[in-house]
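Participant: Just passing along the structure, written as C-alpha cells.
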Amino acid sequence: MMELYLDLISPPCRSVFLFARALRIPFEFKVVDLATGQQYSKEFGDLSIVRKVPVMKDGGFILTESTAILEYLMQKYSGSVADHWFPADLQQRARVNEYFSWQHMNLRTHCSKVFLLRALYQIVMDSEIPKETMDFAVENVKQSLNLLEEKFLQSKPFILGDKISVADVVAIVEIMQPFGTGFDGFEGRPKLIAWRDRVKKELGEKLFEEAHEALMKSSNMPQKLKNSGNFAQLKPILQKLFR
C-alpha cells in the first residue's frame, strides 16, 4: 500500500491528507513528528534527503512536495477522481497550476510566518515578538487574503467556478494555519467565510475537523519542543526562520 509520511500540524500535509481521505484513496499513514525533530532522524533521512513532509512512497517510487504528490494522486486515480478536482480542460488545469505557483510565496509563506511567530518565537529566540515584526507579518497575510478574494475567488463559489478543486484544498489549509494560534484570517471577510464553509461541506466537516485537530492543540507545541531531546539541535535551525 502507498505510504504517506505526514504531520498534520503542517498545512501541506493536511492538503494531501484531506484530498486522499475525501477521495477514498488508500494509504498507510506514517507519522513524522516535527516538534520532536523526527524529520532529522537517520531513518527519515534515508527516505528523503529533503527532510521535510509530506513524503509519498508508492512501491519503490518516492516523491516529495505536496503539490507534486497531489498531482500524482489525481493522475494515478484519474479513473475514480471526478474531473472537477483537477480538470482535463487545458485552461482550467492551468488555473489550478497558477494558484499552486502563486500560493507558495504568498498565502503559504505569510500564514505560516504568523503561526511560527505566535507559536514558537518566544521559546526559540528567548524574547518577546517585536511589535513591528508581528504587524508586518499580519499585514502580509491580509494582502495575500485580499489577492485570494480578488484574483482567485472573485464572485465564484470555488476558485475554479461552481465546483471544488484541489486548489481550494491547498488554499483552505494555509488560512487555517495561524488560526491554530488564535489569529482568525476569516474575520471580517464574509466572502471567505462562505467559501470556507462550502469547502468544509464538500470535504466533509468531520474529516475537516480531524485533519485540523493537531493544529487546534498547537498551544502545547512549545513545551513539546522544549521537552524533546532534540531541542538544542532544532533551536539554531528554527532561529534562522526569524532572522
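Participant: Can you tell me which residue is farthest from the chain's Cα centre (by Cα) among those in region 137-161 that are open to solvent by less than 30 Å² (accessible area, probe 1.4 Å) and over 25 Å from Thr181 (Cβ atoms)?
Facilitator: Gly161
Participant: Still on this model: State all residues of region 223-238 that are within 23 Å of the chain's Cα centre (by Cα) and either hydroxyl-bearing (Ser, Thr, Tyr) or open to solvent by 80 Å² or more (accessible area, probe 1.4 Å) (or both); if no residue qualifies, say none.
Facilitator: The answer is Gln223, Lys224.
Participant: Taking the criterion of being among the small types (Gly, Ala, Ser) and under 20 Å from the mean Cα position of the chain (by Cα), would at least one residue in region 71-93 satisfy it?
Facilitator: no
Participant: Where in region 1-117 are there helices (runs of 4 or more DSSP H), lying wholly inside it, with at least 1 residues that are open to solvent by less than 20 Å² (accessible area, probe 1.4 Å) and in the same structural domain as Glu139 (by the TED database)?
Facilitator: 90-103
Participant: Go through region 185-207 and give me each residue that's under 21 Å from Ile9 (Cβ atoms), in contact with a helix residue (DSSP H, G or I) (Cβ under 8 Å, 6 or more places away or on another chain) and either modelled with pLDDT under 95 or not β-branched (Val, Ile, Thr) (or both).
Facilitator: Gly185, Phe186, Arg196, Lys200, Leu203, Gly204, Leu207
Participant: Right, something else. Run down Asp197, Asp168 and say which single residue is over 19 Å from Gln122 (Cα atoms), open to solvent by 60 Å² or more (accessible area, probe 1.4 Å), assigned to a helix (DSSP H, G or I) and free of Cβ contacts under 8 Å to residues at least 40 places away in the same chain.
Facilitator: Asp197
Participant: So, Ile175, is that one over 14 Å from the mean Cα position of the chain (by Cα), in a helix (DSSP H, G or I) and either exposed (fewer than 13 other Cβ atoms within 10 Å of the Cβ) or outside the structural domain of Tyr77 (by the TED database) (or both) or not?
Facilitator: Criteria not met by Ile175.
Participant: A further question follows. If we keep just the residues of region 148-164 that are in contact with a Leu (Cβ under 8 Å, 6 or more places away or on another chain) and assigned to a helix (DSSP H, G or I), which is nearest to Leu203 (Cα to Cα)?
Facilitator: If we take residues in region 148-164 being in contact with a Leu (Cβ under 8 Å, 6 or more places away or on another chain) and assigned to a helix (DSSP H, G or I), then Leu153 is nearest to Leu203 (Cα to Cα).
Participant: Another question, if that's okay. Could you list, in sequence order, all residues of region 178-193 that are open to solvent by 40 Å² or more (accessible area, probe 1.4 Å) and either without any contact (Cβ under 8 Å) to a residue 40 or more places away in the chain or in contact with a strand residue (DSSP E or B) (Cβ under 6 Å, 6 or more places away or on another chain) (or both)?
Facilitator: Phe179, Asp184, Glu187, Gly188, Pro190, Ile193
Participant: Glu213 passes all but one of (1) within 15 Å of the chain's Cα centre (by Cα); (2) more than 27 Å from Ala35 (Cα to Cα); (3) of a type in the set (D, E, K, R); which number fails?
Facilitator: (2)
Participant: Among the residues of region 26-47, which ones are touching a residue at least 40 places away in the same chain (Cβ under 8 Å) and closer than 18 Å to Glu65 by Cα?
Facilitator: Listed by number, the residues that qualify are Tyr40, Leu47.
Participant: Condition first: open to solvent by 80 Å² or more (accessible area, probe 1.4 Å) and not in a helix (DSSP H, G or I). Now tell me which residues in region 200-222 satisfy that.
Facilitator: Across region 200-222, the qualifying residue is only Lys217.
The values are calculated or read from the model by the stated rules, or taken from the named source; none is laboratory data. Since this is a predicted model, take the numbers as computed values, not measurements. Cβ atoms come from the backbone with ideal geometry, glycine included; neighbour counts cover every protein chain shown. Just so you know, the surface numbers come from the protein's heavy atoms only, side chains and all, with ligands and any DNA or RNA stripped out. Shrake-Rupley method; radii C 1.70, N 1.55, O 1.52, S 1.80 Å.
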